[in-house]
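Heads up, the thing below is written out as structure tokens.
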Amino acid sequence: MSVTADDLGSTIALDGGRKVRGNLTQARIRWMVLALVLGFGLVGGRLVQLGMVVPDTTIEGQARDAITATRPPILDRNGLEMAVDIRVPSLYAEPRRIIDVEEAVRKIRTVLPDLSEPWLRDRLTGDKGFVWVQRELSPAIEDRIMRLGIPGVEFLTESKRFYPGMSEASHILGSTNVDNQGIAGIERHMDGENVALLQDLGLARGNALAPVELSVDMRVQHVMHEQLVDAMSRYQAIAAAGVMVDIHTGEVIALASLPDFDPNQPATALVKDSFNRITAGIFEPGSIFKTVTLAGALSSGAVSITDQFDARFGIRFGRFTIDDFHGKHRILSLPEVYKYSSNIGTIRVMQAMGKEAFRQFLTSMGFDARVPFELPEMRLPTVPKELSEVGAATASFGHGLSVSPLHMVAAYAAFVNGGNYVPPTLYRRDQAEAEQFYRRVITERASAQIRYLMRLNALEGSGSQMNKAALGYRIGGKTGTAEKVVDGRYSASKVTNFFGSAFPLDNPRYAMVIMVDEPKRENPQSGTTAGWNAGAVTGRIVQRVAPMLGIAPDFSPLIDEQLVPPELR
Amino acid sequence: MIRNLNIFLIFSSVLMLSGVYALKFAIENTASERTALIALIDSQEGDLSLLKADEAVLNQPGHIDPIVKRHQLALAIEPVKQEQFGSFTAIPMRPAKPNSAAMDSLFLSLEAGIDPIDAILELEGIE
């Protein structure tokens, strides 16, 4: 091999050239393979990278679904809409897609001149993917902005809450914020229950949500609201409120508090004094509390309906003497104590019962805690834990303790329905369901006696103003005129007036508490005590709503005679 | 042989290519139709929600009551008074049935030729 190589040196050179070419080809192929591998590797790597990117579907920190989510419609007990969702366009921008910010700012401001120019410029500049410009616009404005043809400026359809009843049921419904979340009233309570969960899951879209049925009757609600508005102007009061419940089921038929707000403009809810006085207001109830004292005493058996009480002289506690407002200053029978609203008589009744037993009765009536109720706006009542002699005496006629009107209406409902406390509710509830919540607080006999006393007060006592308007509807009730504390002393000119009532008393179905705060005289012939204002309002409301609630008037004197307990016949 | 196969393959690939593109464009077309329909449904749902809200407003007692008050004079209507309600006990009882036995006996006696009225008239002297 080496000899051949020596002879044919050129062949070796030829072989080398071929080899070199072959090597070159192989090297090129290798480079190509490398280039292809790199190229495909690059593409593959990019694909993996893209696969890892989590797309940002949120809108300024919120899931898109939560914003377009709807809320269930709210209906009253007759199926009338109290709250519905409407679809409204909202304007948003994608700043990273906007080419000419100045032009976009100028054009948008031709349609929405209220937007501040620097704010809008700041909003549209930058590299963000989504910014709101203006939410909840009208379809007409949407049309005009779409005509401008600005790239990167788009609309999103949002759900907005609309309350067709305007301010009429404002305190029941509450309101929602711009993100359609409940911020007050039953709307907030609903969110606490299940709507929030549905929205989180992105299921609450379309109109698939089952409507929520409330116990409220919008006709009664309208009448109550209208009469309270009338009372505000008629008596120049600073506030008025009312609540009506079905005594057997605890369903709230109407609940209104003035001054109120328009839930369609949630900002108006922030106005001072527009809080819900029925649930979140606590007041000294005054004489309507005497019904509580008498019910407790009659039920305990400490006093009977035929007992007599010495109301000849005021009762002294150290330096204080408690006397009657329009004192008869004689021996009064128990019905007379109620009819003449005698403070002295009521103290004697409470003393016969014993202050410990009386305090215990207040606890059993739920006056120590919030009323179990759906609305989030609640305040704790203030009832002293331990009652002193004088404390128990004033408490017996509704002074020295503060409870909400809702407490009072729940108590009145229990007193007339046969003695069962049933917590009020804003949702539909039938008799069988309600009976599971029943808690006996007074005896059936005491309940019948309270019905008689309430009717007696309407016929002969402080409720006669009220009875005049609601003649035939067998309504009975008790007035309460609580003097307000001004500069540390009770003021005779500033009073909070209540009227607690129930009707029709031969077969009671509804209980109501009406409150008028700081009323003035309607005319020189009238007064400022509760019978003149809160009582008269109650009468006018009952006159209008009783036919709606299916209660026919009956003028037969036999009905009132049958209410009289056998002992007094 | 190979040449024919190649020609066949080229033609079939061109055919499949055009088929795939046709399918792609058809799908894109359908997708845009779907988007348009969704947008239409959305806008109609929006209109529907507004109409429902309108209806709810018009049905509110708070909306109807002022209208009634405005036309109270023209229509001569007033809130109902308690006295206007009747009761079942106020409805008069059905009138007493005619005494059919007495009538029967009267007709029987007339047929028999005895007229009780005639007897009375004769007694009174009226003829």
Exactly one of (1) in a helix (DSSP H, G or I); (2) away from every other protein chain (no Cβ under 14 Å) is unmet by A:ASN467. Its number? (2)
Could you tell me whether any residue of segment A:295-314 is in contact with a strand residue (DSSP E or B) (Cβ under 8 Å, 6 or more places away or on another chain) and without any contact (Cβ under 8 Å) to a residue 24 or more places away in the chain? yes
Of all residues making up segment B:85-127, the number that are loosely packed, with under 10 Cβ neighbours inside 10 Å, modelled with pLDDT of 80 or more and either in contact with a His (Cβ under 6 Å, 6 or more places away or on another chain) or within 30 Å of A:ILE551 (Cβ to Cβ) (or both): 4
Would you please list the contacts, defined by Cβ atoms under 8 Å and residues six or more apart or on different chains, that run from a residue in segment A:107-122 that is aromatic (Phe, Trp, Tyr) to a residue that is in a loop (DSSP other than H, G, I, E, B)? none
In segment A:265-291, residues that are in a loop (DSSP other than H, G, I, E, B) and of a type outside the set (D, E, K, R) total 11
Residue list for segment A:481-491, filter: in contact with a Lys or Arg (Cβ under 8 Å, 6 or more places away or on another chain) and either modelled with pLDDT of 85 or more or not small (Gly, Ala, Ser) (or both): A:GLU483, A:LYS484, A:VAL486, A:TYR490
Within 24 Å of the chain's Cα centre (by Cα), more than 8 Å from chain A (Cβ to nearest Cβ) and surrounded by fewer than 11 Cβ atoms within 10 Å (Cβ to Cβ) - does that describe any residue in segment B:64-73? yes
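Residues checked against (1) assigned to a helix (DSSP H, G or I); (2) without any contact (Cβ under 8 Å) to a residue 40 or more places away in the chain; (3) among the aliphatic types (A, V, I, L, M):
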position	(1), (2), (3)
A:ARG219	yes, no, no
A:HIS225	yes, no, no
A:ALA231	yes, no, yes
A:ALA241	no, no, yes
A:PRO263	no, no, no
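Within segment A:431-439, does at least one residue satisfy the condition of being of a type in the set (Lys, Arg), modelled with pLDDT of 90 or more and buried (at least 21 other Cβ atoms within 10 Å of the Cβ)?
No, every residue in segment A:431-439 fails to be of a type in the set (Lys, Arg), modelled with pLDDT of 90 or more and buried (at least 21 other Cβ atoms within 10 Å of the Cβ).
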So if I check each of B:SER49, B:SER109, B:SER100, which one is at the interface with another protein chain (Cβ under 9 Å from one of its Cβ atoms), among the polar types (S, T, N, Q) and more than 30 Å from A:LEU471 (Cα to Cα)? B:SER49
Tell me which residues, restricted to segment A:514-557, are under 13 Å from A:ALA469 (Cβ atoms), of a type outside the set (Gly, Ala, Ser) and within 14 Å of another protein chain (Cβ to nearest Cβ). A:ARG540, A:ILE541, A:VAL542, A:GLN543, A:ARG544, A:VAL545, A:PRO553
Meets criteria (part of a helix (DSSP H, G or I), surrounded by fewer than 20 Cβ atoms within 10 Å (Cβ to Cβ) and not assigned by TED's automatic domain parsing to the domain that holds A:HIS225) for A:HIS171: no
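Residues checked against (1) within 26 Å of the chain's Cα centre (by Cα); (2) surrounded by 21 or more Cβ atoms within 10 Å (Cβ to Cβ):
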| residue | (1), (2) |
| --- | --- |
| A:PHE361 | no, yes |
| A:PRO372 | yes, no |
| A:LEU375 | yes, yes |
| A:MET378 | yes, no |
| A:VAL390 | no, no |
| A:SER396 | no, yes |
| A:GLY400 | no, no |
For segment A:177-235, what are the residues that are within 14 Å of chain B (Cβ to nearest Cβ), at pLDDT 80 or above and more than 30 Å from B:PRO79 (Cβ to Cβ)? A:PRO211
Among the helices (runs of 4 or more DSSP H) contained in segment A:74-157, which hold 1 or more residues that are among the aliphatic types (A, V, I, L, M) and within 14 Å of chain B (Cβ to nearest Cβ)? A:139-148
Taking the criterion of being out of contact with any helix residue (DSSP H, G or I) (no Cβ under 6 Å at 6 or more places or on another chain) and within 30 Å of A:PHE162 (Cα to Cα), would at least one residue in segment A:290-309 satisfy it? no
Could you check segment A:265-292 and list, in sequence order, the residues that are of a type in the set (A, V, I, L, M) and in contact (Cβ under 8 Å) with a residue 12 or more places away in the chain? A:ALA269, A:VAL271, A:ILE278, A:ALA280, A:ILE282, A:ILE288, A:VAL292
When B:ASN29 is run through (1) facing another protein chain (nearest Cβ under 8 Å); (2) surrounded by fewer than 11 Cβ atoms within 10 Å (Cβ to Cβ), the failure sits at (1)
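Hey, any hits in segment A:559-569 for a residue that's in a strand (DSSP E or B) and either within 14 Å of chain B (Cβ to nearest Cβ) or touching a Leu at 6+ places or on another chain (Cβ under 9 Å) (or both)?
no
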Restricting the search to segment A:498-532, which residues are assigned to a strand (DSSP E or B) and not β-branched (Val, Ile, Thr)? A:PHE498, A:PHE499, A:GLY500, A:SER501, A:ALA502, A:PHE503, A:TYR510, A:ALA511, A:MET512, A:MET515, A:ASP517
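Could you identify the single residue in A:ASP262, A:ASP246 that is within 14 Å of chain B (Cβ to nearest Cβ) and charged (D, E, K, R)?
Going through A:ASP262, A:ASP246 in turn, the sole match is A:ASP262.
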Quick test for you: out of A:GLU374, A:GLU444, A:GLU435, pick the one residue that is among the acidic types (Asp, Glu) and under 20 Å from A:GLY242 (Cβ atoms). A:GLU374
Every residue in segment A:315-341 that is free of Cβ contacts under 8 Å to residues at least 24 places away in the same chain, surrounded by 13 or more Cβ atoms within 10 Å (Cβ to Cβ) and within 25 Å of A:ALA446 (Cβ to Cβ), please. A:ASP324, A:LYS328, A:GLU336
Go through segment A:292-338 and report how many residues are part of a strand (DSSP E or B) and of a type outside the set (Gly, Ala, Ser). 11
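The values are calculated or read from the model by the stated rules, or taken from the named source; none is laboratory data. As the structure is a prediction and not an experimental result, all values here were calculated from the model. Positions of Cβ are backbone-derived with ideal geometry, glycine not excepted, and every protein chain shown enters the neighbour counts.
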